[in-house]
Amino acid sequence: MRPMTVTDIKRLNRDWRRRTSGSVSVALVSLSNPFNVGSIYRTAATLGADTVYLIGATPTALEPKVRKTSLGTEKAVQTVQAATLAEVADQVHAQGGVMTAVELAAGAVPIHEHAFPDSVCLVLGSERHGLPPSGLSLCDNAVFVAQPGKVASLNVSVAASLALYEFRRQHWSRLES
Ligand SMILES: C[S@@+](CC[C@H](N)C(=O)[O-])C[C@H]1O[C@@H](n2cnc3c(N)ncnc32)[C@H](O)[C@@H]1O
């Protein structure tokens, strides 16, 4: 083994882009920490997400602290700002997508047991309060990341990363079978 060059990585990414289908977006409901938003942009751009929906008071990429962790990757993803999650749900449903809450909610299923359809918007809640009941009720279903450790919850940007990766992983593994 040897480290990859920048050219190697560009070629590798291009190969995986050709093998990737399905449409995934993330909706961030009233996040407060700009570093989390920037980090989510970076993962969304890396995993080929279509859109980052910024809802309510979620900081935008105009904030320098968001750009500290997004490192310019926000330019690779469409951003849609919305006052409410209901507006986003209308848009997603009009395009044939499914709204999936990523939340430790009653009735949520473990994400690794959930079969993602082709077009999904992953909905994440705020660092302090999570997704409110009104937000959960706008979602078609809910998934959670099982936590065998003794910690109450994941950081929201980590939860977003795991959910985005699981969406892609499932589609890639279906291509192989
Ligand atoms: C730090 S958590 C919010 C915790 C909040 N104190 C609560 O009790 O709801 C922020 C967001 O990360 C996501 N999250 C954190 N841990 C998760 C898990 N294990 N499974 C799914 N989503 C998770 C959810 O979207 C949640 O709204």
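Here, each number is a calculation from the coordinates, and none is a lab measurement. None of these values were measured; they are calculated from a predicted model. Note: ideal-geometry Cβ built from the backbone for every residue, glycine included; neighbour counts use all protein chains shown.
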Picked from region 123-134 (must be buried (at least 16 other Cβ atoms within 10 Å of the Cβ) and in a loop (DSSP other than H, G, I, E, B)), the residue farthest from the ligand (Cβ to nearest atom) is LEU131
For region 46-90 the number of residues that are touching a helix residue (DSSP H, G or I) at 6+ places or on another chain (Cβ under 8 Å), part of a loop (DSSP other than H, G, I, E, B) and either charged (D, E, K, R) or under 21 Å from ASN13 (Cα atoms) (or both) is 6
If we keep only residues of region 157-177 that are more than 9 Å from the ligand (Cβ to nearest atom) and free of Cβ contacts under 8 Å to residues at least 12 places away in the same chain, then the residue farthest from VAL52 (Cα to Cα) is SER177
TODO: State whether one or more residues within region 97-106 are within 16 Å of the ligand (Cβ to nearest atom) and of a type in the set (Asp, Glu).
DONE: yes
The condition of being surrounded by 13 or more Cβ atoms within 10 Å (Cβ to Cβ) and charged (D, E, K, R) holds, among GLU113, GLU74, only for GLU74
Q) Do we find a residue being aliphatic (A, V, I, L, M) and within 16 Å of the ligand (Cβ to nearest atom) anywhere in region 63-86? A) yes
When every residue in region 92-115 that is under 15 Å from the mean Cα position of the chain (by Cα) and among the aliphatic types (A, V, I, L, M) is compared, the one farthest from VAL52 (Cα to Cα) is ILE111
Within region 135-152, residues touching a strand residue (DSSP E or B) at 6+ places or on another chain (Cβ under 8 Å), farther than 20 Å from ILE40 by Cβ and within 11 Å of the ligand (Cβ to nearest atom) come out as ALA146
Looking across region 135-156 at residues that are in contact (Cβ under 8 Å) with a residue 24 or more places away in the chain and under 13 Å from MET99 (Cβ atoms), the single one that is surrounded by the most Cβ atoms within 10 Å (Cβ to Cβ) is GLY135
